[in-house]
Amino acid sequence: MAQGLKEKKSVDPVQKGRLIRLTDSIGRAILGKPEVVKQVVIALLARGNLLIEDIPGVGKTTLAQALARSIRCSFQRIQFTSDLLPTDILGVKVYEPAASEFKFMPGPIFNSIVLADEINRTTPRTQSALLEAMSERQVTIEGETHPLPRPFMVIATQNPIEHHGTYPLPDSQLDRFLMSVSMGYPGVDDERKILSRRRVDPMAADFGSVMDAEEVRAWQDRVEAVMMAPEIVDYILEITGRSRNHGRLRLGVSPRGSLDLKQAAKAAALLAGREFCIPDDVKSLAVAVLAHRVIPSGPGALDERRRAAIEVIEEIIEAVPAPI
């Protein structure tokens, strides 16, 4: 396999520079989090959705805004609350007397980057309104299907510590997030820079846009063409397969999880300037792509179960030999 990979093409340095500019642009708003910025770009290239599980005030909204501005796409933040209705997200048909007909008024979901802030604060009925949009990039209202913009991405946040007034996300919805990440607190030096600089507005007119929607779509199409050797596909299947027979897990990784890990690895390869995957592309993303999809055995708080899931996926990765 190694010899075959060496014969594959690398991304043209000029084109690779476009992706570097994108990560640098987002990094201007989010200091000291290069790995998180990289994961966001990978999710975008892979046409995936992103779940950020973290405490308030660490820059989740700023991250979503910076991404939208950097790719010159529309952005909408939806604050999820217990009284939010599906129509508040998707839109509604209203009657126009002058035309004697009902006209569809699109909701905030009809934007390229949608921030579902504190998604677990709304009821399961409203949470489920996102399912079709997240998986099929369309919404159906009263039997009529409406396509969503391209690119389209849901970035959802939830607090893993707070439980009062929250509704845990159903497994079917968790499985529709390509990755789940945590931003964490900034380092001391990075926080000092944050305190010393002028506040950055990611949606300000002078914030650098490095791509437009058409170019993003072109990069997403290129991900599909990235080569993955059969040995790496087997590597993915071995990892996900072991999760389904692990003693500490009540529910393992779904086939959608296997597909998402493959897609994320291909996007990571492209971001690294390669048109072929290597085992590290899979290994580096396995926790972010798989841990939120598994259910640990036994009771426990949300943050405890999250830690247990991460430990199990890390254990599996350590146990499965990577192809050479």
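Here, each number is a calculation from the coordinates, and none is a lab measurement. None of the values given here were measured: they were computed from a predicted structure. Neighbour counts run over all protein chains shown; Cβ positions are idealised from the backbone, glycine included.
Since only 246, 288, 172 are under comparison, the one whose Cα sits farthest along the positive direction of the charge dipole of the chain, derived from C-beta charges on Lys, Arg, Asp and Glu, is 288.
Annotation: amide H of residue 251 within the under-5 Å range of 295, sequence separation 5 or more or interchain, hydrogens built in the peptide plane.
Projected label points at residue 238 and residue 222, each 7 Å from Cα along the beta carbon direction, are separated by 3.1 nanometres. Here the residues 82, 258, ranked from fewest to most Cβ neighbours within 10 Å of their Cβ, fall in the order 82, 258. For residue 136 and residue 15, what does the FRET efficiency come to when R0 = 22 Å and r is the distance between their Cβ atoms, rounded to the nearest 0.05? Plugging the Cβ-Cβ distance into 1/(1 + (r/R0)^6) gives 0.15.
Quote to one decimal, in nm, the extra length available between residue 96 and residue 55 on full extension: 0.36 nm per residue of separation minus the C-alpha distance between them. Mind showing how you got there, number by number?
Working: separation 41, 0.36 × 41 = 14.76 nm, distance 4.39 nm.
That works out to 10.4 nm of additional length.
Cβ-to-Cβ counts within 10 Å put 285, 261 in ascending order as 285, 261, the fewest first. Scattering from the range 201-281 was approximated by placing one identical point on each alpha carbon and applying the Debye formula without solvent; log10 I(q)/I(0) at 0.12, 0.24 1/Å stands at -0.50, -1.08. Sorted ascending by nearby beta carbons within 10 Å, beginning with the fewest, 310, 30 become 310, 30.
Of the cross-linked pairs 193/283; 60/93; 193/266; 9/33; 38/283, those separated by over 23 Å at the C-alpha level are 193/283; 60/93; 193/266; 9/33.
Show me the GluC sites (Glu not before Pro) within the range 214-303 that DSSP assigns to loop and that have at most 11 other Cβ atoms within 10 Å of their Cβ. Don't skip to the end; give the middle numbers.
Values: sites: 214, 215, 224, 231, 238, 275; in loops: 275.
Here no loop site has a sparse enough neighbourhood.
Got the relative contact order for the range 2-319 handy, in percent, Cα pairs under 8 Å and 6 or more residues apart?
With pairs under 8 Å counted, the relative contact order is 23 percent.
Assuming charge only on the beta carbon of Lys and Arg (+1) and of Asp and Glu (-1), the dipole of the range 217-324 about its Cα centre is about 400 debye to the nearest 20.
Compute the length gained on full extension between residue 256 and residue 197: take 0.36 nm times their separation in residues and subtract their Cα-Cα distance, giving the result in nm to one decimal. Please report the intermediate quantities before stating the final value.
Values: separation 59, 0.36 × 59 = 21.24 nm, distance 4.27 nm.
So the extension gain works out to 17.0 nm.
If r is the Cβ-Cβ distance from residue 213 to residue 315 and R0 is 45 Å, what FRET efficiency results, to the nearest 0.05? So, using R0 = 45 Å, E works out to roughly 0.65. Charge dipole of the chain (Cα centre as origin; +1 on each Lys and Arg Cβ, -1 on each Asp and Glu Cβ, all else neutral): 540 debye, rounded to the nearest 20. Divided by 2.2 N^0.38 Å, where N counts the residues, the Cα radius of gyration of the range 229-268 comes to 1.20.
Helix by helix, which DSSP H runs in the chain go 18 Å or more along their axis at the Cα atoms and have an average Kyte-Doolittle hydropathy of 0.0 or more? Each step should come with its number before you reach the end.
Values: long enough: 13-29 (25 Å, -0.34); 213-225 (19 Å, -1.05); 230-243 (20 Å, 0.12); 255-271 (24 Å, 0.12); 302-319 (26 Å, -0.17).
Helices meeting the span and hydropathy rule in the chain are 230-243, 255-271.
Pairwise Cα distances in the range 2-319 exceed 34 Å in 24 percent of cases.
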